[in-house]
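So the structure is just underneath, and the comments pick up after that.
Just so it is clear, none of the values below were taken in a lab; they were calculated from the coordinates. As the structure is a prediction and not an experimental result, all values here were calculated from the model. Reconstructed Cβ throughout: ideal geometry from the backbone, glycine too, with neighbour counts over all protein chains shown.
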Amino acid sequence: MTDPTDFEKRTQEVLEESVGRLDGRTRSRLTQARHAALSQLEQPARHWWRSYVPAGAAAAAAVLAVFMWSGPTTQSPTANPVEDIELLADSDAPDFVDDGEDLEFYEWAAGEVES
Amino acid sequence: MTAFVTLAGVYSTADFRVERTPDQDLMTASRALDQFLSSVEKRAFKIAQLALRNDDDALDAVQDAMMKLVQAYAARPAEEWRPLFYRILANRIRDMQRRRTVRGRIMAWLPSRDDDDEEFDPIAEAPSHDAGPAKRLELDEAIGALEIAVAALPPRQQQAFLLRNFEGLDVNETASAMGCSEGSVKTHYFRALENLRAKLGEVF
């Protein structure tokens, strides 16, 4: 029987020889596989949350669509607080409560219009 | 450490240590990984081929192992790559063997397909380099006998034998690659040698 060490050496040599006999196609495919694996290093790191961006955008669009689909709310024309605030905030609007002099003028003007 | 004076003040050489840019680090890592993978790819393919007995499956297994190593372990120290790579490869081979077993059970219920219509590709089948006819014949016989004997080993013995004897991993690295204790590696390797010696004693 072959000495264990010699046997191990012999099996190693034979296996190395079989590797040396790999055909060109296999070698080429191994090289391609290596390059494909290494190309991962060149790709920029992707943040986990980026994969959720399209889904998030779609959900937001759906919520907006539902909100708009529900139609105009039933609101009386006089009860629009936004317009009232705009009127009061407008610097060009007449100042009704500034002083008594102007108020007297508006009362006189109203009387003239009625007569 | 050297100190020197400029208009702006006194500096030591430590203040001017060259900083590596991310691009330089990437290039270094890529080169080191390329070197490592090219050093193991052919033996890895042979190991996968002996375990799976199919060239395409073996190539897939090696490619998957390469991808996984680069993806998950590129930042690990280079001395850890070899056992990690073979561990990934071993897992991949085991998955493929299991899947093949399941597929085999399913296919057993279906009519058999004739596989003899595969075209012979002379370029693919051509050996990569020449040797003398007598030497070549002897090696052909030895390779054929060894490959049959190794392929017939139980999976753990086969793994231990190929990683220790063929890939040259030490007991510790083999244990890490196989996910078992060093004692188990020694047992599997010893039994593999016994089995192979019993089968190949006359040829070798």
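Here r is the Cβ-Cβ distance between B:ASN91 and A:GLU16 and R0 is 22 Å; the resulting FRET efficiency, rounded to 0.05, is 0.30. Fully extending the segment from A:LEU103 to A:THR31 would add 16.5 nm, taking 0.36 nm per residue of separation and subtracting the current Cα-Cα distance. Taking other Cβ atoms within 10 Å as a rough exposure proxy, B:MET178, B:MET67, A:MET68 sort from fewest to most as A:MET68, B:MET67, B:MET178.
Going from the fewest other Cβ atoms within 10 Å to the most, the residues B:TRP81, A:TRP69 appear in the order A:TRP69, B:TRP81.
Per-residue extension of 0.36 nm, minus the Cα-Cα distance of B:ASN54 and B:THR101, leaves a gain of 15.5 nm for this segment.
Efficiency by 1/(1 + (r/R0)^6): what FRET value for B:LEU137 and B:GLN24, r their Cβ-Cβ distance, R0 = 41 Å, to the nearest 0.05? E between B:LEU137 and B:GLN24, to the nearest 0.05, is 0.20.
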